[in-house]
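These notes are about the structure you will find just below.
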Amino acid sequence: IWSITWNQFSASASVDALKARADAILDKHVEAGMNAILWQVRQGGTVYYPSAIEPWGSYIGYADPGYDPLAYAIEGAHKRGLELHAWFNTFHTSSDSARINIEHPDWICRDGYDTPMSASRCVSPGLKAVRDYTVNLVAEIVANYDIDGIHFDYVRWNEYNNTEASIL
């Protein structure tokens, strides 16, 4: 089962409320007889754990929430007998605050006219630098957390051209 960021977080919630929300999500998974949860940790080129590589995500207010949400979720999952897999939106970098978009505009997928694709923005997996960057993000989690797996989502590049995305 996937647990998506907008269910896990609210930028206006207190630390206690955020922890209670995580506990409720994990408890419901146990009640449903699940044995693993895919916990979203990266979305739009931002993350939901303290990272030296990428900024905090929008659903946490782009700021340190005052605790480590991933460590808390892992501890809670393991206490309940659940595996916790870190779920990444791999190449999708739609957030305007994503550092990767600012520092590496040349990594953004381009349309047939060599124009950066601004809608549903993604970095190009065809570039070695992008693949290395992704490996570094995963290595950061593996080195710092007792996760049970990694789940890659959005393992593709932008599927729209600039015109199609504007009419959808």
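The values are calculated or read from the model by the stated rules, or taken from the named source; none is laboratory data. Every value quoted in this text rests on a predicted model; they were computed, and no experiment measured them. Cβ sites come from the backbone with ideal geometry, for glycine too, and all protein chains shown count toward neighbours. Surface accessibility is based on the protein's heavy atoms, side chains included, excluding ligands, DNA and RNA. Shrake-Rupley method; radii C 1.70, N 1.55, O 1.52, S 1.80 Å.
Per atom type, segment 70-155 shows carbon and sulfur on 52% of its accessible surface, probed at 1.4 Å. Between segment 25-39 and segment 57-96, the C-alpha centres lie 15 angstrom from each other.
Let me know the Kirkwood hydrodynamic radius for segment 1-90, please, with Cα pairs as the basis and the value in Å to one decimal. Result for segment 1-90, one decimal place: 13.0 Å.
Each Lys and Arg adds +1 at its Cβ and each Asp and Glu adds -1 at its Cβ; summed about the Cα centre, the chain shows a dipole of about 120 debye. Check the straight Cα-Cα distances from Lys79 and name the aspartates and glutamates below 12 Å, setting aside those fewer than 8 residues away within the same chain. Here the aspartates and glutamates satisfying the reach criterion relative to Lys79 are Asp23, Asp27. Each DSSP beta bridge with both residues in segment 27-138 is either parallel or antiparallel, and the antiparallel ones are about 40%.
Each of Phe91, Ala139, Ala36 was scored by the projection of its Cα onto the charge dipole of the chain, and the greatest displacement toward the positive side belongs to Ala36; charges sit on the C-beta of Lys, Arg, Asp and Glu.
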